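To keep things clear, I will list the structure first and then write my remarks on it.
Read-outs throughout are calculated quantities, based only on the coordinates presented, and are distinct from any laboratory measurement. Keep in mind it's a predicted model, so treat the numbers as computed, not measured. Neighbour counts are summed over all protein chains in view; Cβ atoms, including those assigned to glycine, are modelled from backbone coordinates with ideal geometry.
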Amino acid sequence: MRAIFVQIKCEMGAAYRVARHMADSIEELSEMHSISGQYDLLGKFYLAPEQDVGLFVVEKVQTVEGVKDTYTMLTYNAFTATR
């Protein structure tokens, strides 16, 4: 599995509704955070290696009612503390 992060801009007053809908309906969603700044939400999604990132974002994220814009970041490596 690989992680992608998607920043999501919502229509005014829709961020919590959008976040709840995605949490309940998109199985690839690991975490959804409300954030400050230019975007309203930050979602962390885990996709299968063969899954098309662009198609996933267009079909599963951008089609949610209340979503106005997205900005997708691909990840390469995750680092954690060694213990």
* **chymotrypsin sites (Phe, Trp or Tyr not before Pro) within segment 1-77, DSSP loop, no more than 16 other Cβ atoms inside 10 Å** => Tyr76
* Asked: Are there GluC sites (Glu not before Pro) in the chain that DSSP marks as loop and that have at most 10 other Cβ atoms within 10 Å, and which are they?
  -> Glu27, Glu50, Glu65
* Asked: Can you work out the FRET efficiency for the pair Ile35 and Leu55, with r the C-beta to C-beta distance and R0 = 30 Å, to the nearest 0.05?
  -> 0.75
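Suppose every Lys and Arg Cβ carries +1 and every Asp and Glu Cβ carries -1, with no other charges. What dipole size does the chain come out with about its Cα centre, to the nearest 20 debye? Could you put the intermediate results ahead of the total?
Numbers: 8 positive and 11 negative charges, 65 e Å.
Value, rounded to 20: 320 debye.
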* Structure fact -> To the nearest 10 degrees, the tilt of helix 15-25 (Cα long axis) against the first principal axis of the alpha carbons of the chain is 50
* Asked: Of Thr80, Thr63, Ile26, which is farthest on the positive side of the dipole of the chain, counting Cα position, with +1 on Lys and Arg Cβ, -1 on Asp and Glu Cβ, and the Cα centre as origin?
  -> Thr80
